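Below you'll find the structure, written out as structure tokens, and then a few comments.
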Amino acid sequence: MKLLLHICCGPCLIYPLRTLNDYSMQIQGLFYNPNIHPFSEYAKRYEALRQYASDMGLPVICSDDYPMEEFLRNIVFREKDRCRFCYYQRLKYTATYARENQFEAFSTTLLYSKYQKHDLIREIGESIARECEISFYYEDFRKGWREGIEISRKLGMYRQQYCGCIYSEKERFMNA
């Protein structure tokens, strides 16, 4: 299967990539995360991903587009639904790219994190798959959470402390 894998960050790629490689899939990564704020955080996450993907021989597409303003415009006054919009925006971009570039399916490393809204990600992924007429590959990668953390620490990989959006950054520091 030719799979386009949306990647949120390097540490979240470790376990899903290992698992998917066991299935002999043809995988290509996609880094599209306009939710990440500030841009310096975005750059750190991309660089950590770029290095790990290079070491693993995984080709990764990084969009030249960083529509943070669009992301913010769409969640202002709807902060309680920000995760829904965030997942939708990133997965829709991934599915559209996958369909336009002859991939058979798309998926996301967001399914790895125990901090993400797993059921919502799956629901949105499956809905977008129907909308874009391409398969959504679902797998619960959370079982490899600890393994991915241990490997990322051993590698000295940059590990972020919040999901990425300005709201989650506020919650992190306000609750610290």
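A short reminder: the numbers here are calculations on the coordinates, not readings from a lab. Note that the structure is a prediction, hence the values are computed from the model and not measured. Here the Cβ is made from the backbone with ideal geometry for all residues, glycine too, and neighbour counts use every protein chain on show.
Rounded to the nearest 500, the 222 nm mean residue ellipticity of the chain from helices alone is -17000 deg cm²/dmol, with -39,500 (n - 2.57) taken per DSSP H run of at least 4 residues. Averaged over residues, the count of other Cβ atoms within 10 Å places the peptides 111-122, 73-84 in the sequence 111-122, 73-84, highest first. Computing mean projected area of the Cα convex hull in nm² for the structure here picks out one of (1) 9.9; (2) 15.4; (3) 19.5, namely (1). Taking amide H atoms as placed 1.01 Å from N in the peptide plane, the amide H of residue 61 lies under 5 Å from those of 29, 30, 31, each 5 or more residues away in sequence or on another chain.
Each residue of segment 84-95 was assigned a 3J(HN,Hα) from its phi angle through the Karplus expression (A = 6.51, B = -1.76, C = 1.60, θ = phi - 60°), giving 4, 5, 4, 4, 4, 4, 6, 6, 5, 4, 5, 5 Hz with x at Gly and Pro. About the centre of its Cα atoms, the chain shows a dipole size close to 540 debye [charges on the beta carbon of Lys, Arg (+1) and Asp, Glu (-1) only; nearest 20 debye]. Please report the spacing between the Cα centers of segment 16-67 and segment 92-112 in Å, no decimals. The distance from the Cα centre of segment 16-67 to that of segment 92-112 comes to 13 Å.
Length gained on full extension, residue 69 to residue 96, computed as 0.36 nm times the residue gap minus the Cα-Cα distance: 7.7 nm.
How would you order 27-35, 64-72 from highest to lowest mean count of nearby Cβ atoms within 10 Å?
Ranking, from highest mean packing down: 27-35, 64-72.
Approximating the spin labels as points 7 Å out from Cα along Cα→Cβ, the residue 142-to-residue 47 distance works out to 3.3 nm. Whole-Hz Karplus values for segment 46-62 come out as 5, 5, 4, 5, 4, 5, 5, 4, 4, 4, 8, x, 9, x, 10, 8, 10 Hz, taken residue by residue from phi with 6.51 cos²θ - 1.76 cosθ + 1.60 and θ = phi - 60°; glycine and proline positions read x.
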